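What follows is a set of notes on a single structure, which appears directly below.
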Amino acid sequence: MTFAVIKTGGKQYKVAANDVLKIEKLDAEAGTIVTFDQVLMVDGEVGAPLVEGALVAAELLDTKKQKTVIIFKKNRRHNYRRRNGHRQLLSTVRITEILTGGAKPTIKAAGATAPTEAVVSAKPAKVRAAAKAAAATEAKPAVATEAKAPAKKAAPKKAAPKAESKAAAATTEDTAAAKPAKKAPAAKKAAPKADKE
């Protein structure tokens, strides 16, 4: 079984074919083939510092944040407490092949538009719901704009002629006479004081 020691993100990893490992974030899309040219060792051959012509190819599966690391600082007897969190971005890669002698990777990229099933199922529910909503809005943009026209403000009412205003006032008086007036809330009275003997 061949193995290699690669260096990426300031760290060294011992890898073999079909290994899945989490490394520092890589600037690439999910499903693309990435290559690591800083190979320190292949099987028993140790580089000085790198092995000439060695290359490790891997498929980028996913990039996401790791669990939160809590940073807590405290000075006793000085009321000093600071709590902070950090989530590092990590890329998950699957090693496809270890190449020596200047060979090029034989496996082609699966394509950034068609990520693997594992990546699709690993997405959080919120991201999947947002993707569905975005797809729905793209499918029916014309229907949505026709259905929801912007609301218009009502035109300001003009002053009615005096004859009409007198008739309106008379109708409001009739309705007011038909309804009993609202009673004002009763004022609270102080409780009677007991006589002193």
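What follows is calculated from the coordinates using simple rules that are stated; it is not laboratory data. This one's a predicted model, so the numbers in the text were calculated from it and none came from an experiment. Here the Cβ is made from the backbone with ideal geometry for all residues, glycine too, and neighbour counts use every protein chain on show.
The table for this structure:
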{"read-out": "Residue pairs, from the table Lys22/Lys108; Lys22/Lys104; Lys153/Lys182; Lys14/Lys108; Lys7/Lys64, whose Cα atoms sit over 27 Å apart", "value": "Lys153/Lys182"}
{"read-out": "Ranking of Thr35, Thr63 by count of other Cβ atoms within 10 Å, fewest first", "value": "Thr35, Thr63"}
{"read-out": "Qualifying trypsin sites (Lys or Arg not before Pro) for segment 1-103 [loop in DSSP, other Cβ within 10 Å: at most 12]", "value": "Lys67, Arg76, Arg77, Arg87"}
{"read-out": "Long-range HN-HN contacts of Thr96 with modeled amide H, under 5 Å", "value": "Asn18, Ala57, Ala58, Glu59"}
